[in-house]
Amino acid sequence: MARPLSEEKRQALLDGAAEFVARFGTAAPTAKIAKAAGVSEGTLFTYFPTKDDLLNQLFIEIETDLTKTMLAPYPAGASAKDRLFAVWNRLIDWGLAHATARRALRQLKVSDRVTAESRSRCHAMQREARTMVEACLADHAAPDRIAFYIDTILFDLADISINAVAARPQESDAIRQAGFDLFWKGSAA
């Protein structure tokens, strides 16, 4: 009878994959990922039948964690700008707390090894967070540009702001506000 799979080993493999994908992209060797997790390469393939399965699961797990962060309760009675600023700060906090996952996600988003099915699954999961951001921008930005502002500008400015806060943590509040102001003023209709 086969031994049950360990959640600790599975998580260690995902953590090792995040570390090596962040450093080397999707070409990261499975042997190094397994070694970082403290298991054999054969064990890695017990948990994830192929390297692509591992990469896709890593993509889904990181996107799930980021989405949960964005969907945390926020001041529903506040102005659209204040609600969006709360979401902005969550993006910054998540990026600072999950630097390796953020770098790995950046690699995975541009990889052809992440399947359309995994991307679609994450897109569906993020629908509620996206709707929340769209609602905040509804009376502020040109309707035909909201998708661009969310998909490109919001996340790229957040990434720049995360890097700036990491480099100058003593200026965190000012950097966060400046990054958000760029987004808010730049997205005005």
Quiz item: Lysine pairs, Cα distance under 23 Å, 8 or more residues apart or cross-chain: how many in the chain?
Solution: 10
Quiz prompt | Between helix 99-109 and the chain: long-axis angle, C-alpha atoms, 0 to 90°, nearest 10 | solution = 90
Exercise. Figure the gain on full extension for A116 and A31 (residue separation times 0.36 nm, minus the Cα-Cα span) and round it to one decimal in nm.
Key: 28.0 nm
Exercise. With a/c under 1.5 counting as rounded, go ahead and sort region 50-186 into rounded, prolate or oblate using the C-alpha gyration tensor (a ≥ b ≥ c being the square roots of the eigenvalues; past the cut-off, prolate if a/b is larger than b/c, else oblate).
Key: oblate
Quiz item: To the nearest 10 degrees, how steeply does helix 127-137 sit against the main Cα axis of the chain, on a 0 to 90 scale?
Solution: 20
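Once you have a ≥ b ≥ c as the square roots of the Cα gyration tensor eigenvalues for region 16-120, tell me rounded if a/c is under 1.5, and otherwise prolate or oblate according to whether a/b is larger than b/c. Don't skip to the end; give the middle numbers.
Working: a/c = 2.77, a/b = 2.36, b/c = 1.18.
Verdict is prolate for region 16-120.
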Quiz item: Can you list the HN-Hα couplings for region 115-125, worked out from phi with the Karplus curve (6.51, -1.76, 1.60; θ = phi - 60°), rounded to whole Hz and with x for Gly and Pro?
Solution: 6, 4, 5, 5, 5, 5, 4, 5, 4, 5, 5
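Laboratory data are not the source of any read-out in this text; all were calculated from the coordinates shown. These numbers were taken from a predicted model, which means no experiment stands behind them.
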